[in-house]
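The values are calculated or read from the model by the stated rules, or taken from the named source; none is laboratory data. All of these numbers come straight from a predicted model, not from anything done at the bench. Neighbour counts are summed over all protein chains in view; Cβ atoms, including those assigned to glycine, are modelled from backbone coordinates with ideal geometry. For accessibility, only protein heavy atoms count, side chains too; no ligands or nucleic acids. Shrake-Rupley method; radii C 1.70, N 1.55, O 1.52, S 1.80 Å.
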Amino acid sequence: MKLRYGYWLLLLSLFGCGQSDEAPVFVDLGTVSDCDVSRQSCTVTENALSLSLALGPDVVPLKPFAVRFQSDGTRTFDKDSVVVDFQMQGMDMGVNRYRLKHEDDSYWRATATLPVCTVSRMEWMAVVEFAQGGEHYRLRFPFAVEAN
């Protein structure tokens, strides 16, 4: 029996080639509110777990900068699960999501670039997501950037 092209598309859309479209449910670890991660390394301790994020130096739009994420090593995270999503407060600046490269059991890094905006001071949120043993976590670090 010969199936037409439209039937194949229908079958593929119904069965999805075996992939799940379910988004993971994240445990929200909150927002670090007393530290500007573009100026210094910021650390948060949650349930006896210490996590740090550092950006830069020199976090300015259109200029690549370093992103470093570190845990205290007491728990092992899924190696390829650490991502940072940069979101501008009050304005959609598109997708600015970076997967961090696993360096060792407690250290990940990447190079990121923020898009430019017409305002002189930009309020950003670095949203860090990671997984451990099937659980997904999210932690937010606000920071400000001055335009060039």
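Points worth noting:
- Per residue, the chain exposes 62 Å² of accessible surface when a 1.4 Å probe is rolled over the protein heavy atoms with every protein chain present.
- Since only Leu51, Val116, Gly30 are under comparison, the one whose Cα sits farthest along the positive direction of the charge dipole of the chain, derived from C-beta charges on Lys, Arg, Asp and Glu, is Val116.
- Degrees between helix 5-15 axis and first principal axis of the chain (Cα, 0 to 90, nearest 10): 50
- Answer label, with mean projected area of the Cα convex hull in nm² calculated from the coordinates and candidates [x] 12.2; [y] 8.8; [z] 8.4: [x]
- Charging the Cβ of each Asp and Glu at -1 and of each Lys and Arg at +1, and nothing else, the dipole of segment 18-58 about its Cα centre rounds to 180 debye.
- Cut-off 12 Å (backbone N to label point 7 Å along Cα→Cβ of Val119), residues of segment 50-81: none
- Ala23 paired with Val60, simple spin-label distance in nm, labels 7 Å along Cα-to-beta-carbon: 3.5
- Extension gain for Ser50 to Arg138 (0.36 nm times residue separation, less C-alpha to C-alpha distance): 30.3 nm.
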